[in-house]
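> The structure that follows is given in the form of structure tokens.
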Amino acid sequence: MCGISGIYSEKIEPKAISLLCKQMLELINHRGPDEKGIINHQFFSCGVARLSIEAIHNGKQPIENDRYIIGFNGEIFNYKSLIQKYNFSNKIINCEIKLLLKLWELKHTKFVNEIKGQYAIFIFDKLNNETYLFRDPYGIRPLFYYHEKNSLVFASEIKSIIKVVDKNFQIDIESLKQISMFWTNIGNQTSVKGISELEPGSYLVWKSGKLNSFKFYKEPLLEIYDYDYSKKDVEKSLFSHLNNSVEKQLHGEVGFAIYLSGGIDSAALAYILSKKSDKPLDTFSIAFQDGDYDESLAQRHISKFLGTRHSEIKIKDTDISSNFSKVIDHCETLLFRTAPVPLFLLSKHVRNSGHKVVYTGEGADEMLLGYDIFFENRIRKFWSKDINSKFRGELLRRLYQYLPQFKNSRYFKIAKDFYKKTLKNDDNNFFYSHLVRWSQVKQIASYFNLPSSEILENKLIEKFKKTIPNGFSNNNGDVQAQYLEISTLLSNYLLSSQGDRMAMANSIESRYPYLDEDFVKYCSLIAPKIKAPIISSKKLLREAFKDKLPKNIISRPKIAYQAPEAKCFINNNFVSENVQDFIENMDKIDVINKKNFSNLIAKIKNPFSSKRLGFRENMAFIIGLSYFNLNNSIKKWKFRK
């Protein structure tokens, strides 16, 4: 794992370009504290800050030959098998970066179809003054860029670009709109105006001020399959494929650990990993002082059953409020929830324990149908066929049995009436599965000076439609919902704000066996109703491990990882320093609706009304506070050493 950076500019002296590249690397030293390398060629300079994990003594970066310069961030899990496939000398091609250069010479841009891993790659063609950037299929590793006329700047993190580009950068209001609706940025959008992110599964070519990007990865889910609905040996097959996925990612010279969430996803991985080592597996988890969020009993139970060396950190509300600004500085984006903060503190604990690599269960919910939104979609479609049914709407109570408003008969009736208005799908809207979630933008927008919510919602949906692949509408509703979840929340939030950015803030590499390309393709061949029938979350995964893990872990319902939100920052006895600063400067933030936001803060402070604080109000508060903190970070990055 690494941090990468590069500059091409014909308006700056070559010596100055090299100095700027060095400054870029210094700013992301946390991504690669082990060693740094820079290569200069005329008007181009590039560098790598390396976190040494694989081929520690041979894998220095970047490297070059007579024509090309290359560097990358990430892991190529199949590099040794590719050396064998092409009969390369393993004495000469003895690390990932040398393999990438050799493949590039053989196959040019098509080399990316050969490699399996998580990566962000840059290649500079010295002969043609061309720059190529590549990013892995699910965007596990970040890659940002800025370009104008005859200049291109790219890096693993936005702060490096802001540091060296002679421009006053600001938060992009389009990002505020998108996060208010989709919970994340879409496409190549970032929260900083003028800076773009290379989309997952894409590559970019830049030459003489002209930039073109291309998709190289086609989502297997969207292929039209003749599903096999038989269940013969499917549980054994799923286990075998997941075991192979983990085996391929046992890559490196530094050992590994795993995050335990308390659910089936990480428990399944921990079971497999525990069989791959002679020593007890190291497991790490988050416990919360607030019992509403705590899953430590389940985490400890899994650890005891598997005989792992378990370690947890206990998160207090003040831990979240006091570290929020640091997290925004690393996320470099607007946030809609506080969940990344405990993960930032956990990765710090993992690093202090001597580890560099940690496995996580991200991707299982998307590939094996774990999220409530998938089953809500099914219920709404089923209910829409008999809107006046007294029983079909009751399925929502079964789905959301853990939510207080669904336990209370009075509040459930209100929720049921709300859902009833969302059932029609006369125009076969292929965003049907997510329209209930996205409708929250109407309330969120009221706290900001944005266009009317209806106009805003329609414009955002039309913009998102342009990113949807051809043939999307030909797939069934389950697959459409899966793709929407993958292309929004997974790639741009879970793998980024909660994933790479929180782990690499403390020099930790995270790995995701559920997102192995071969495993994803295998899962795509299984009918959705086999993976998760009716409203049974990840039933196939549970069945695959029913004789390997405790029954209460197998049957434990899906519980979304969350953290305490607005109440961490404000209550009737306490206002955090960060929020106090925010309140004092609110008049300077034009995009915030001062009246509505002040009323929201008053509601949070009030010990009676704060108990009725809803998800959307929490979300609006966190977005507003993150806007304030990100704006401060943008100003600091320019002058930080």
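> Toward the positive end of the charge dipole of the chain, about the Cα centre and with charges on Cβ (Lys, Arg +1; Asp, Glu -1), which of G187, Y359, A620 goes farthest?
Farthest along the dipole direction, towards plus: A620.
> Give me the Kirkwood hydrodynamic radius of the range 448-531, using the inverse of the mean 1/r over all pairs of distinct Cα atoms, in Å to one decimal.
One decimal place: 15.7 Å for the Kirkwood radius.
> Sticking with this structure for a sec: On a 19 Å Cα-Cα criterion, which of the cross-link pairs K314/K546; K275/K546; K231/K551 come out too long?
Those over the limit are K314/K546; K231/K551.
> So how much slack lies between L211 and S439, counting 0.36 nm per residue of separation and subtracting their Cα-Cα distance, in nm?
Roughly 78.6 nm would be gained on extension.
> Moving on to the next point. Hey, can you grab everything whose amide H is under 5 Å from the amide H of E130? Only 5+ residues off in sequence or another chain; H modelled, so Pro and N-termini drop out.
D125
> Express as a percent, rounded to the nearest 5, the fraction of DSSP beta bridges in the chain (both residues included) that run antiparallel.
Working: 57 of 72 bridges.
Roughly 80 percent of the beta bridges in the chain run antiparallel, per DSSP.
> Measure off, as a whole percent, the carbon and sulfur share of the 1.4 Å-probe accessible area of the chain, all protein chains present.
48 percent
> Continuing with this model, one more query. Based on Cα coordinates alone, diagonalise the gyration tensor for the range 229-270, multiply each eigenvalue by 5, take square roots, and list the semi-axes in whole Å, largest first.
Working: eigenvalues 122, 45, 5 Å².
Whole-Å semi-axes of the equivalent ellipsoid: 25, 15, 5.
> Which whole-number value in Å² is the accessible area per residue of the chain, probe 1.4 Å? Please report the intermediate quantities before stating the final value.
Values: 26870 Å² over 641 residues.
Value for the chain: 42 Å² per residue.
> Go through the range 319-397 and name the chymotrypsin sites (Phe, Trp or Tyr not before Pro) that are in a DSSP coil and have 16 or fewer other Cβ atoms within 10 Å of their Cβ.
Working: sites: F324, F336, F344, Y359, Y371, F374, F375, F382, W383, F391; in loops: F336, Y371, F391.
Answer by residue number: F391.
> Take the Cα of K636, step 7 Å along the line toward its Cβ, and report every residue of the range 575-599 whose backbone nitrogen sits under 16 Å from that point.
577-582, by backbone N distance to the label point.
> Rounded to the nearest 20 Debye, what is the dipole magnitude of the range 1-159 about its Cα centre when Lys and Arg each give +1 and Asp and Glu each give -1 at the C-beta?
240 debye
> At q = 0.09, 0.21 Å⁻¹, what log₁₀ I(q)/I(0) does the range 470-592 have when each alpha carbon counts as one equal point scatterer in the Debye sum?
Result of the Debye calculation: -0.48, -1.39.
> Send over the semi-axes of the range 562-632's equivalent ellipsoid, whole angstrom and largest first, taken as the square roots of 5 times the C-alpha gyration tensor eigenvalues.
Each semi-axis is the square root of five times an eigenvalue, giving 19, 12, 12 Å.
> How far, in nm, would the chain grow between A602 and D581 when pulled straight, counting 0.36 nm per residue and subtracting the alpha carbon separation?
Values: separation 21, 0.36 × 21 = 7.56 nm, distance 1.57 nm.
Value of the extension gain: 6.0 nm.
> Additional query: Just check the range 354-461 against the gyration tensor rule for me: Cα atoms, a ≥ b ≥ c as the square roots of the eigenvalues, rounded for a/c under 1.5, and otherwise prolate or oblate depending on whether a/b exceeds b/c.
The shape class here is oblate.
> Along Cα→Cβ, 7 Å out, is where each label goes; now give me the distance between the ones at D547 and D228 in nm to one decimal.
Simple spin-label model gives 2.0 nm for this pair.
> Which whole-number percentage describes the relative contact order of the chain, with Cα contacts under 8 Å and a sequence gap of 6 or more?
Once normalised by length, the contact order is 17 percent.
> Per residue and in cubic angstrom, what volume does the convex hull of the Cα atoms of the chain have?
Taking the convex hull of the Cα positions in the chain, it is 159 Å³ per residue.
> Quick one: pull the percentage of alpha-carbon pairs in the range 32-132 with a separation above 22 Å.
25 percent
> Now for a different question. Mind giving me the FRET efficiency for N65 and E253? R0 is 41 Å, r the Cβ-Cβ distance, nearest 0.05 is fine.
After rounding to 0.05, the efficiency reads 0.95.
> Can you compute the modelled spin-label distance between I535 and N244, with each label point 7 Å from Cα toward Cβ, in nm?
3.6 nm
> Oh, and also: Along the charge dipole of the range 74-144, Cβ charges K/R +1 and D/E -1, which of I76, F122, Y86 sits furthest on the positive end?
Y86
> If R₀ is 30 angstrom, what is the calculated FRET efficiency for the pair K193 and E130, using the beta carbon separation as r and rounding to 0.05?
0.65
> If each residue of separation counts as 0.36 nm, what is the full-extension length gain between L19 and I92 once their alpha-carbon separation is subtracted?
23.1 nm
> So, in nm, how far is label S353 from label S81 when the simple model puts each one 7 Å beyond its Cα toward the Cβ?
3.0 nm
> Right, here's the next one. With a/c under 1.5 counting as rounded, go ahead and sort the range 159-285 into rounded, prolate or oblate using the C-alpha gyration tensor (a ≥ b ≥ c being the square roots of the eigenvalues; past the cut-off, prolate if a/b is larger than b/c, else oblate).
Prolate shape, in that a/c is at least 1.5 and a/b is the bigger ratio.
> Please state the charge dipole magnitude for the chain, taken about the Cα centre, from unit charges on C-beta atoms (+1 on K and R, -1 on D and E), reported in debye and rounded to the nearest 20.
1100 debye
> Give me a comma-separated list of calculated 3J(HN,Hα) values for the range 550-560, in order, Karplus coefficients 6.51, -1.76, 1.60 applied at θ = phi - 60°, integers in Hz, x for any Gly or Pro.
For the range 550-560, the Karplus curve yields x, 4, 6, 7, 4, 8, 5, x, 4, 10, 5 Hz.
> Mind checking the dipole of the range 440-588: about its Cα centre, +1 per Lys or Arg Cβ, -1 per Asp or Glu Cβ, Debye to the nearest 20?
So the dipole magnitude of the range 440-588 works out to roughly 820 debye.
> Among P557, F418, F569, which residue has its Cα positioned farthest towards the positive end of the charge dipole of the chain, with +1 placed on the Cβ of Lys and Arg, -1 on the Cβ of Asp and Glu, and the dipole taken about the Cα centre?
Working it through, the farthest residue towards the positive pole turns out to be F418.
> If you keep only loop residues by DSSP, which GluC sites (Glu not before Pro) in the range 215-300 have at most 16 other Cβ atoms within 10 Å of their Cβ? Show your work: numbers first, answer last.
On the way: sites: E223, E235, E247, E253, E295; in loops: E223, E253, E295.
Within the range 215-300, the qualifying GluC sites (Glu not before Pro) (loop, at most 16 other Cβ atoms within 10 Å) are E223, E253.
> Can you list the trypsin sites (Lys or Arg not before Pro) in the range 105-153 that are in a DSSP coil and have 12 or fewer other beta carbons within 10 angstrom?
Listed in order of number, the matching sites are K149.
> Counting only the backbone N, which residues of the range 581-615 are under 18 Å from the spot 7 Å out from the Cα of N571 toward its beta-carbon?
Zone members listed by number: 601-614.
> Let me ask something else about it. Rounded to the nearest 0.05, what FRET efficiency is calculated for Q562 and K110 with R0 set to 45 Å and r the Cβ-Cβ distance?
Details: r = 42 Å, r/R0 = 0.94.
Rounded to the nearest 0.05, the efficiency is 0.60.
The values are calculated or read from the model by the stated rules, or taken from the named source; none is laboratory data. Owing to the predicted nature of the structure, the values given are computational and were not obtained by experimental measurement. Glycine also receives a Cβ, built like all others from the backbone with ideal geometry; neighbour counts cover every protein chain displayed. Side chains included, ligands, DNA and RNA excluded: accessible areas come from the protein's heavy atoms. Shrake-Rupley method; radii C 1.70, N 1.55, O 1.52, S 1.80 Å.
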